[in-house]
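As structure tokens, the structure follows; a few thoughts come after it.
The values are calculated or read from the model by the stated rules, or taken from the named source; none is laboratory data. Fair warning: this is a prediction, and the values are worked out from it, not measured in the lab. For neighbour counting, all protein chains shown are included, and Cβ atoms are generated from backbone atoms with ideal geometry for every residue, glycine included.
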Amino acid sequence: MFKDLEGKVVVITGSGSGIGKAMAEQFGEEKANVILNYRSERHMDAIESSIKFIEDAGGKAIKVQADISKEDDVNHLVQSAVKHFGTLDIMINNAGFEKPIPTHEMPLEEWQKVIDVNLTGAFLGSKAAVNQFLKEDKQGIIINTSSVHDKIPWPNYVNYAASKGGLKLMMETMSMEYAQYGIRINNISPGAIVTEHTREKFSDSKTREETLEMIPAKAIGEADEVANVARFLASDLASYIHGTTIYVDGGMTNYPAFMGGKG
Ligand code: BGC
């Protein structure tokens, strides 16, 4: 679909499930060289099946275990790409998680775990990628998976909302620093998407109905609908897009409470 992605080297963190898995497979369809990152062994089967999918599609793939909240692990991840495929073209900081806890009951460790993965992980991934791009004098690409909660507050998810709000200004700041080298840094902010993590939540009819009320398009999104945007942002068609966020949310960020024309 995007011819220029063929043979590109792309690292995707958190590619063992959900949006990251869909991204890995779509880049495989473009015949890219994909480095699938995962942390937990429980994602092994999913990772192996994506590798097979990518190879069948004509791409190449390797898997690298790494805890992206640790700088040594992230450097190892990026250097694995360079070692196996000779370079790094695209870094996708996708790994992230959420867990609801009222703020006044949130233990510091729970706050910290989410910040460490969602925000610090993206910082470390971006830093390692920029260093590699500068070393190679390459006009590389960084894409972060953020969330509609980089601008919509989310009660009981204070750590998650803070991590995504931080990710927005981190991306914009980094883009301002490195756009002059031709390095393109952007975010994708998904809304309600069905993945392994959210399938159970959305199969509850009450939660589903309540969620649909917040979405003008009246549909929960699919991981592939998010991954499509990553392909586009990584391609030459997005050559003038720097430091911005593309919301993939069925309109969720457009004040759906006003849909009835009230107020
Ligand atoms: C979360 C989902 C949630 C959606 C909309 C996303 O960032 O990962 O669990 O449904 O935001 O609230």
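Quick look at the values:
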read-out	value
Set A122, A179, A161: member being assigned to a helix (DSSP H, G or I), within 23 Å of V9 (Cα to Cα), of a type in the set (A, V, I, L, M, F, W, C) and within 16 Å of the ligand (Cβ to nearest atom)	A122
Test set (1) part of a helix (DSSP H, G or I); (2) buried (at least 16 other Cβ atoms within 10 Å of the Cβ); (3) more than 18 Å from the chain's Cα centre (by Cα) - K31 fails condition number	(1)
Answer from L108, L167 - the residue that is of a type outside the set (K, R) and over 16 Å from E98 (Cβ atoms)	L108
The listed residue being among the charged types (D, E, K, R), closer than 23 Å to F123 by Cα and crowded, with 24+ Cβ neighbours inside 10 Å, out of K63, K21	K21
Single residue of the range 136-158 satisfying the filter (near the ligand (Cβ under 10 Å from one of its atoms) and hydrophobic (A, V, I, L, M, F, W, C)) that is surrounded by the most Cβ atoms within 10 Å (Cβ to Cβ)	V148
Of all residues in the range 214-250 being within 12 Å of the ligand (Cβ to nearest atom) and not hydrophobic (A, V, I, L, M, F, W, C), the one that is farthest from the chain's Cα centre (by Cα)	G250
Per-region count, the range 132-145, residues touching a residue at least 12 places away in the same chain (Cβ under 8 Å) and in a helix (DSSP H, G or I)	4
First in the range 146-166 and without any contact (Cβ under 8 Å) to a residue 40 or more places away in the chain and acidic (D, E), second anywhere and part of a helix (DSSP H, G or I) and near the ligand (Cβ under 9 Å from one of its atoms), Cβ under 7 Å, 6 or more apart	none
Residues of the range 206-263 that turn out to be in a helix (DSSP H, G or I), at pLDDT 95 or above and among the aromatic types (F, W, Y), as a count	1
Residues that are over 17 Å from S175 (Cβ atoms), touching a Phe, Trp or Tyr at 6+ places or on another chain (Cβ under 7 Å) and of a type outside the set (A, V, I, L, M), drawn from the range 119-155	H149, W154
Identity of the residue in the range 182-195, within 16 Å of the ligand (Cβ to nearest atom) and of a type outside the set (A, V, I, L, M, F, W, C), that ends up surrounded by the fewest Cβ atoms within 10 Å (Cβ to Cβ)	T195
Some residue of the range 239-260 being touching a residue at least 60 places away in the same chain (Cβ under 8 Å), farther than 25 Å from K99 by Cα, surrounded by fewer than 14 Cβ atoms within 10 Å (Cβ to Cβ) and not aromatic (F, W, Y)	no
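Residues checked against (1) at negative phi; (2) in a helix (DSSP H, G or I); (3) polar (S, T, N, Q):
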site: K21; (1), (2), (3): yes, yes, no
site: K52; (1), (2), (3): yes, yes, no
site: V64; (1), (2), (3): yes, no, no
site: N75; (1), (2), (3): yes, yes, yes
site: A81; (1), (2), (3): yes, yes, no
site: I92; (1), (2), (3): yes, no, no
site: P100; (1), (2), (3): yes, no, no
site: H104; (1), (2), (3): yes, yes, no
